[in-house]
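Inspection log for the structure reproduced underneath, given as structure tokens.
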Amino acid sequence: AQKVTQAQTEISVVEKEDVTLDCVYETRDTTYYLFWYKQPPSGELVFLIRRNSFDEQNEISGRYSWNFQKSTSSFNFTITASQVVDSAVYFCALSEAGTNAGKSTFGDGTTLTVKP
Amino acid sequence: DAGITQSPRHKVTETGTPVTLRCHQTENHRYMYWYRQDPGHGLRLIHYSYGVKDTDKGEVSDGYSVSRSKTEDFLLTLESATSSQTSVYFCAISEVKRDTQYFGPGTRLTVL
């Protein structure tokens with residue numbers, strides 16, 4: 001069975017600090033997909049990134065970067081120079097490519113608070 | 001933004017009453033999902049659909065049923081609502097399986 005663990009329930013930083021959100025996953029499949037979503041205080045869920053298990057290249061998008069390491073089953077998310085608008089709940093998710101394909105398992109989320 | 005709407009956006013109902021939530025998409029995506037979000041539990045899959053009249057259970061399907069008679073609509077029904085079903089319900093769609101899921105705005109349901 002697949003499982004996603006976001007051990008950090010809440011993180012609080014001061015604006016302009018860098019912050020890393022951890023995501024550790026478990027799966028028996030060799031082909032799978034990892035996602036990060038953002039849920040701001042307004043409540044909607046916003047897609048941030050999708051990664052497949054064969055692509056271990058790290059990705060950078062502006063102040064956001066993602067570090068995917070199969071060896072440690074981790075897919076961590078770093079925000080550089082955090083801003084108040086980054087305050088949100090962030091979810092990591094896993095989707096296997098087997099018979100349950102299409103069914104994603106979400107972590108419990110990390111609540112990030114960025115203080116001015 | 002993906003064209004996904006949910007109705008109603010807010011509902012208060014009483015224990016034992018039937019409730020139907022609607023998810024409507026304009027993207028013609030094949031896959032549709034219903035999740036519930038509760039504090040400390042992230043999002044949990046209730047049911048999903050991989051085509052018209054093709055549905056399957058998720059991890060928390062007890063007490064819920066779904067129907068999909070058209071590509072664009074996916075209905076979630078609580079036959080007899082209970083207080084434990086008080087939650088925020090999200091619909092999601094994806095074009096192909098394993099693909100990125102895009103979420104609707106959510107429905108906040110309160111069962112008294």
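The values are calculated or read from the model by the stated rules, or taken from the named source; none is laboratory data. All values derive from a computational prediction rather than experimental measurement. Here the Cβ positions follow ideal geometry from the backbone for every residue, glycine too, while neighbour counts run over all protein chains shown.
Please state which of the following conditions residue A:42 fails to meet, knowing it meets all the rest: (1) assigned to a strand (DSSP E or B); (2) farther than 17 Å from residue A:21 by Cβ; (3) small (Gly, Ala, Ser). Looking at each condition in turn, residue A:42 falls short on (1). Here the strands (runs of 3 or more DSSP E) wholly within segment A:62-112 that include at least 1 residues being among the aromatic types (Phe, Trp, Tyr) and more than 18 Å from residue B:33 (Cβ to Cβ) are A:64-69, A:74-79, A:88-96.
Condition check ((1) polar (S, T, N, Q); (2) surrounded by 19 or more Cβ atoms within 10 Å (Cβ to Cβ)) across all residues:
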{"position": "A:20", "(1), (2)": "yes, no"}
{"position": "A:24", "(1), (2)": "no, no"}
{"position": "A:28", "(1), (2)": "no, no"}
{"position": "A:54", "(1), (2)": "no, no"}
{"position": "A:61", "(1), (2)": "yes, no"}
{"position": "A:67", "(1), (2)": "yes, no"}
{"position": "A:73", "(1), (2)": "yes, no"}
{"position": "A:87", "(1), (2)": "yes, no"}
{"position": "A:90", "(1), (2)": "no, yes"}
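Among the conditions (1) within 14 Å of chain A (Cβ to nearest Cβ); (2) buried (at least 19 other Cβ atoms within 10 Å of the Cβ); (3) at pLDDT 95 or above; (4) touching a Gly at 6+ places or on another chain (Cβ under 9 Å), the only one that residue B:78 does not satisfy is (1). Here residue B:96 meets the list (1) surrounded by 15 or more Cβ atoms within 10 Å (Cβ to Cβ); (2) within 11 Å of another protein chain (Cβ to nearest Cβ); (3) under 20 Å from residue B:5 (Cα atoms) almost entirely, failing just condition (1).
For segment B:83-90, the criterion of being free of Cβ contacts under 8 Å to residues at least 60 places away in the same chain, of a type in the set (Gly, Ala, Ser), over 30 Å from residue A:8 (Cβ atoms) and surrounded by fewer than 16 Cβ atoms within 10 Å (Cβ to Cβ) is met by none of the residues. Within segment A:1-22, none of the residues are under 30 Å from residue B:107 (Cα atoms), among the acidic types (Asp, Glu), in contact with a Phe, Trp or Tyr (Cβ under 8 Å, 6 or more places away or on another chain) and outside any loop (DSSP other than H, G, I, E, B). Examine segment A:30-41 for a residue that is under 23 Å from residue B:41 (Cβ atoms), aliphatic (A, V, I, L, M) and surrounded by fewer than 17 Cβ atoms within 10 Å (Cβ to Cβ), and state whether such a residue exists. No: zero hits. Among the residues examined, residue B:16 does not qualify as at positive phi, part of a loop (DSSP other than H, G, I, E, B), free of Cβ contacts under 8 Å to residues at least 12 places away in the same chain and not hydrophobic (A, V, I, L, M, F, W, C).
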